[in-house]
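Written below as structure tokens is the structure these notes are about.
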Amino acid sequence: MNKKINIGIIGFGVVGSQVGLILHRKKRIFSCYNGVDYQIKKICEINWDTSREWLPPEELRTHNYEDIIKDPDIDIVVELIGKFQPAYSIVKRSLESGKSVVTANKYLLSKKLIELITIANKHGAYLGFEASVAGAIPIIKGLKESFSANRITSIIGILNGTTNFILSSMTRKKQHFTQALTLAQQLGYAESDPTLDISGRDSAQKLAIISTYAFHCSISDDEFLIEGIDKIEQQDIEFASELGYRIKLLAIAKRVDNSISLRVHPALVPYGHMLADVEDVYNAVYLEGDLFGKSLLYGEGAGGRAAASAVLADIIEIGKKITSKAHFSEQFTIEQKIAIQPVDKIESRYYLRFTAVDRPGVLAKIAEILGRNKISIASVIQKGENPENAVPIVMLTHRAMEKNIRSAIKEIDRLFCIKNQTQVLRVEE
Ligand code: HSE
């Protein structure tokens, strides 16, 4: 006879409602494949939305998460409320009482991953969090299992569906930022506070989680450079396209000497690069390792069903582990704290868009300051002619140091002929 696993779901929103619905519909299939009966014992939600595709029967519903975390019959607690508290105490207390936890909470994990894994190990419980990064893409499983024999040297990810959707819509449909954001929210891609998506913070939280696994060190999203997409204008998309690039919000982690260069920022990605064609809500993670070489994982990165796919995979996996005799702990070892490369030392090609008056000598002055700061120009575009007003002048540089770019732009932006703050974007070749 199949062994039974009781599940308590906390949070019946975009993701939780899909997890409940699919468990309800597919539990017979799951049990056939895995020899485990997965039963929903309770679902907790404060504001029940009765318009959901499936509403659990009254006896499964509660408003109080204590009914789940204190229930001795519940084996797996699924935390899908997000943010920090009460999620932190729900996850911690559940693990301390020996219950396994599945969560999609990147905010919490970007701060407390190692502490929570340690608690899980100590109490013979499991922590599943595949859904916290890149929706349905099995990046955590990839790093923990498939690529585990490798020394990972580079990760470049498009880890936020909302911003990728917005940038794609701005590129392909020439939509305004707000139009594209509203649609992303309606489709259930955006966070409840979309500034987390737009500002790059959501990508940074995800980068911190995968970097912790990839580099075996403790990394928090407070430790590195984060720039969002709010300063990207339609004209940047058009200039980039003319130069042969798409603009993407990238989450980057690369080993550089004895440190890791970690950052989240929009970047120009050349046509033909594997990440340039990742459109709409899709996410992708490009990895390099010493044994596998290069690999690209690609899939839907946001939305209820994509996240539910990852949550359910964790539930199924943990159910199998609990019902098997052996206990597998994470055995997650942390190396010494690794140095994060200072921002000044970033080396890249740069896209610069100046807003300058259209008079003789302006270009020469800009070029002189760049040259003095050891920045070499690769190409220049100036559109239109307007002696009365400012015009955009776009330059692509050769490889330069961030420190030199910052000091040159500071000086250029003080010139009388420069009318707006210069747009500076990095290029990821
Ligand atoms: N708001 C997130 C995104 C949802 O757009 O990617 C998935 O974490």
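Data table
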{"quantity": "Breaking point among (1) within 24 Å of the chain's Cα centre (by Cα); (2) not assigned by TED's automatic domain parsing to the domain that holds L187, for S148", "calculated": "(2)"}
{"quantity": "Filter pass, K206 being basic (K, R) and modelled with pLDDT of 95 or more", "calculated": "yes"}
{"quantity": "Residue that is most open to solvent (accessible area, probe 1.4 Å) [pool: residues in the range 282-305 that are away from the ligand (no atom under 16 Å from the Cβ) and not in a strand (DSSP E or B)]", "calculated": "L291"}
{"quantity": "Conditions (1) touching a Leu at 6+ places or on another chain (Cβ under 8 Å); (2) at pLDDT below 95; number of the one not met by E145", "calculated": "(1)"}
{"quantity": "Filter pass, I198 being touching a Leu at 6+ places or on another chain (Cβ under 8 Å), open to solvent by less than 50 Å² (accessible area, probe 1.4 Å) and within 21 Å of L143 (Cβ to Cβ)", "calculated": "no"}
{"quantity": "Single condition T118 does not satisfy, out of (1) more than 30 Å from K320 (Cβ to Cβ); (2) more than 16 Å from the ligand (Cβ to nearest atom)", "calculated": "(1)"}
{"quantity": "Test set (1) more than 16 Å from the ligand (Cβ to nearest atom); (2) open to solvent by 10 Å² or more (accessible area, probe 1.4 Å) - G82 fails condition number", "calculated": "(1)"}
{"quantity": "Residue within the range 262-272 that is within 16 Å of the ligand (Cβ to nearest atom) and out of contact with any helix residue (DSSP H, G or I) (no Cβ under 6 Å at 6 or more places or on another chain) present", "calculated": "yes"}
{"quantity": "Within the range 351-392, considering residues that are part of a loop (DSSP other than H, G, I, E, B) and at pLDDT 95 or above, the one surrounded by the most Cβ atoms within 10 Å (Cβ to Cβ)", "calculated": "I375"}
{"quantity": "The one condition in (1) part of a strand (DSSP E or B); (2) farther than 29 Å from D222 by Cβ that E279 fails to fulfil", "calculated": "(1)"}
{"quantity": "Tally, over the range 158-184, of residues that are within 11 Å of the ligand (Cβ to nearest atom) and either of a type in the set (F, W, Y) or free of Cβ contacts under 8 Å to residues at least 12 places away in the same chain (or both)", "calculated": "1"}
{"quantity": "Within the range 245-274, tally of residues that are in a strand (DSSP E or B) and either farther than 13 Å from L159 by Cα or more than 15 Å from the chain's Cα centre (by Cα) (or both)", "calculated": "14"}
{"quantity": "Members of the range 202-234 that are of a type in the set (A, V, I, L, M) and under 14 Å from K144 (Cα atoms)", "calculated": "I209, I210, A214"}
{"quantity": "Matching residues, the range 308-318, being open to solvent by less than 10 Å² (accessible area, probe 1.4 Å) and either in contact with a Cys (Cβ under 9 Å, 6 or more places away or on another chain) or within 15 Å of the ligand (Cβ to nearest atom) (or both)", "calculated": "A308, A310, V311"}
{"quantity": "Complete set of residues in the range 172-192 that are within 21 Å of A134 (Cβ to Cβ) and part of a helix (DSSP H, G or I)", "calculated": "A180, L181, L183, A184, Q185"}
{"quantity": "The range 34-56 residues that are on the phi > 0 side of the Ramachandran plot, paired with ones that are in a loop (DSSP other than H, G, I, E, B) (beta carbon under 7 Å, 6 or more apart)", "calculated": "G35/N2"}
{"quantity": "So L262, is it of a type in the set (A, V, I, L, M) and open to solvent by 20 Å² or more (accessible area, probe 1.4 Å)", "calculated": "no"}
{"quantity": "Matching residues in the range 93-110 - criterion: being in a helix (DSSP H, G or I), more than 16 Å from the ligand (Cβ to nearest atom) and of a type outside the set (D, E)", "calculated": "R93, S94, L95"}
{"quantity": "Residue under evaluation R372, criteria (1) touching a helix residue (DSSP H, G or I) at 6+ places or on another chain (Cβ under 8 Å); (2) of a type in the set (K, R); (3) under 22 Å from H265 (Cα atoms), criterion not met", "calculated": "(3)"}
{"quantity": "Per-region count, the range 334-350, residues closer than 24 Å to Y126 by Cα and either among the small types (G, A, S) or at pLDDT below 70 (or both)", "calculated": "1"}
{"quantity": "Residue that is farthest from the ligand (Cβ to nearest atom) [pool: residues in the range 132-157 that are open to solvent by less than 10 Å² (accessible area, probe 1.4 Å) and part of a loop (DSSP other than H, G, I, E, B)]", "calculated": "I137"}
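The values are calculated or read from the model by the stated rules, or taken from the named source; none is laboratory data. Note that the coordinates shown come from a computational prediction; the quantities given were computed from them, not determined experimentally. Every residue, glycine among them, receives a Cβ derived from its backbone with ideal geometry; neighbour counts consider all protein chains shown. Accessible surface is based on the protein model in full, side chains and every heavy atom, while ligands, DNA and RNA are left aside. Shrake-Rupley method; radii C 1.70, N 1.55, O 1.52, S 1.80 Å.
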